[in-house]
Amino acid sequence: MILGVGIDLIEVERIQASYERFGERFLHRILHPAEIAYCLTHKKPAPFLAARFAAKEAISKAFGTGIGAQLGWLDMEVGRRASGEPFVVLHGNGLKLLEARQAHTVLLSLSHTQAHATAVAILKGRQS
């Protein structure tokens with residue numbers, strides 16, 4: 001059963017500007033160490049950083065909370081399987097919301113170009 005859907009689109013340039021202005025402080029505010037490590041392995045990390053930013057916005061929309069007190073940036077993590085498929089790991093308030101919504105998983109799809117990054121998240125619930 002689908003409990004929520006979220007989508008986000010962001011300009012890569014916006015994330016690049018924040019990274020250039022605030023550096024590591026910006027990255028550690030929104031991403032987990034494994035996410036940062038993955039993104040920084042690329043010659044041009046901004047599209048990958050932007051995709052994770054969009055993913056977290058989309059996940060928060062699927063939960064119906066947005067980013068804030070109920071669900072923070074570090075309550076969500078985007079992992080990557082060997083096949084390249086992204087997956088969601090929830091921490092702290094993310095796990096609490098998953099349980100409160102009687103959900104069992106968050107599906108995630110990411111895409112990006114040099115100019116834009118987008119993400120779609122689907123919150124799946126338990127079948128009655």
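The values are calculated or read from the model by the stated rules, or taken from the named source; none is laboratory data. Note that the structure is predicted; figures quoted are calculated from it, not measured. Every residue, glycine as well, gets a Cβ built from its backbone with ideal geometry; the counts of neighbours run over all protein chains shown.
Being of a type in the set (K, R), loosely packed, with under 11 Cβ neighbours inside 10 Å and more than 30 Å from A100 (Cα to Cα) is the requirement here; does R21 meet it?
For R21, the condition - of a type in the set (K, R), loosely packed, with under 11 Cβ neighbours inside 10 Å and more than 30 Å from A100 (Cα to Cα) - is met.
So, in region 6-23, exactly how many residues are in contact (Cβ under 8 Å) with a residue 12 or more places away in the chain and part of a helix (DSSP H, G or I)?
6
If I filter region 68-75 for residues that are within 24 Å of G23 (Cα to Cα), touching a Leu at 6+ places or on another chain (Cβ under 7 Å) and either in a loop (DSSP other than H, G, I, E, B) or of a type in the set (F, W, Y) (or both), do I get at least one hit?
Checked against the condition, which is being within 24 Å of G23 (Cα to Cα), touching a Leu at 6+ places or on another chain (Cβ under 7 Å) and either in a loop (DSSP other than H, G, I, E, B) or of a type in the set (F, W, Y) (or both), region 68-75 yields at least one hit.
What's the total number of residues in region 76-88 that are touching a residue at least 40 places away in the same chain (Cβ under 8 Å) and either within 18 Å of G125 (Cα to Cα) or assigned to a helix (DSSP H, G or I) (or both)?
Filtering region 76-88 for residues touching a residue at least 40 places away in the same chain (Cβ under 8 Å) gives 77-80.
Add one more test, that the residue is either within 18 Å of G125 (Cα to Cα) or assigned to a helix (DSSP H, G or I) (or both), and what stays is none.
The qualifying residues number 0.
Restricting to region 36-70, what's the tally of residues that are out of contact with any Gly (no Cβ under 8 Å at 6 or more places or on another chain), closer than 19 Å to F87 by Cα and among the charged types (D, E, K, R)?
Qualifying residue count, region 36-70: 2.
I need every pair where a residue in region 99-128 that is farther than 20 Å from R80 by Cα has its Cβ under 6 Å from the Cβ of a residue that is in a helix (DSSP H, G or I), sequence separation at least 6 or different chains.
If the second residue must be in a helix (DSSP H, G or I), the pairs left are A115/V12.
What is the one condition in (1) within 14 Å of the chain's Cα centre (by Cα); (2) among the β-branched types (V, I, T); (3) closer than 19 Å to A117 by Cα that V89 does not satisfy?
So V89 meets the others, but not (3).
Being modelled with pLDDT of 95 or more and either assigned to a loop (DSSP other than H, G, I, E, B) or within 15 Å of G6 (Cα to Cα) (or both) is the filter here, so list the residues in region 114-128 that pass it.
Keep residues of region 114-128 that are modelled with pLDDT of 95 or more, which gives 115-124.
Selection gives A115, A117, T118, A119, V120, A121, I122, L123, K124.
Within region 55-68, can one find any residue that is without any contact (Cβ under 8 Å) to a residue 40 or more places away in the chain and surrounded by fewer than 16 Cβ atoms within 10 Å (Cβ to Cβ)?
yes
If A34 satisfies every condition in (1) assigned to a loop (DSSP other than H, G, I, E, B); (2) modelled with pLDDT of 95 or more but one, which is the exception?
Exception for A34: condition (1).
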